[in-house]
Ligand code: FES
């Protein structure tokens with residue numbers, strides 16, 4: 001049912017963890033299953049993603065896709081990271097069973113939410129990036145005005 005790459009990233013997920021003082025953080029929920037994903041980004045002055053961590057209450061497919069997605073955005077500029085779509089991640093994993101494709105959206109949405117958070121803090125615009133619909137980070141509510 002799952003490709004070897006999916007199983008590898010599921011068994012040995014890369015970049016799991018948390019980060020103190022991230023440049024950007026995004027937390028999103030998956031409407032279909034109620035699972036949650038949080039992404040932390042460490043971005044340098046040249047807008048290059050130096051490090052990335054994720055934490056999830058998601059299923060195995062969410063773990064595998066987030067692991068792959070974090071590997072794919074690491075070392076990229078914030079603009080290049082926009083090209084790491086859930087489709088690109090699924091392709092890099094040699095495919096996901098159709099019923100699990102929604103799980104891969106968690107990673108993409110959480111990365112976008114973290115990029116949005118970073119862009120807001122820096123006052124910059126990232127082309128093609130829209131305000132995340134489902135950011136449920138606690139900090140977000142405190143900042144609301
Ligand atoms: Fe919820 Fe996969 S079933 S993320």
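Points to keep in mind about this one:
- Residues in segment 1-12 that are surrounded by fewer than 18 Cβ atoms within 10 Å (Cβ to Cβ) and part of a loop (DSSP other than H, G, I, E, B) were compared, and the one that is nearest to the chain's Cα centre (by Cα) is 12.
- In the set (1) without any contact (Cβ under 8 Å) to a residue 40 or more places away in the chain; (2) over 15 Å from residue 115 (Cβ atoms); (3) in contact with a helix residue (DSSP H, G or I) (Cβ under 9 Å, 6 or more places away or on another chain), residue 85 fails one condition alone, (2).
- Selection status of residue 37, touching a helix residue (DSSP H, G or I) at 6+ places or on another chain (Cβ under 6 Å) and either at pLDDT 95 or above or within 16 Å of the ligand (Cβ to nearest atom) (or both): yes
- Residues within segment 88-116 that are under 21 Å from residue 133 (Cα atoms) and in contact (Cβ under 8 Å) with a residue 60 or more places away in the chain, tallied: 13
Matching residues to (1) away from the ligand (no atom under 16 Å from the Cβ); (2) at pLDDT below 95:
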{"position": "57", "(1), (2)": "no, yes"}
{"position": "65", "(1), (2)": "no, no"}
{"position": "69", "(1), (2)": "no, no"}
{"position": "82", "(1), (2)": "yes, no"}
{"position": "91", "(1), (2)": "yes, no"}
{"position": "94", "(1), (2)": "yes, no"}
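- Residues (closer than 30 Å to residue 2 by Cα and outside any helix (DSSP H, G or I)) located in segment 113-132: 132
The values are calculated or read from the model by the stated rules, or taken from the named source; none is laboratory data. Since this is a predicted model, take the numbers as computed values, not measurements. So basically every Cβ, Gly included, is an ideal-geometry build from the backbone, and we count neighbours across all protein chains shown.
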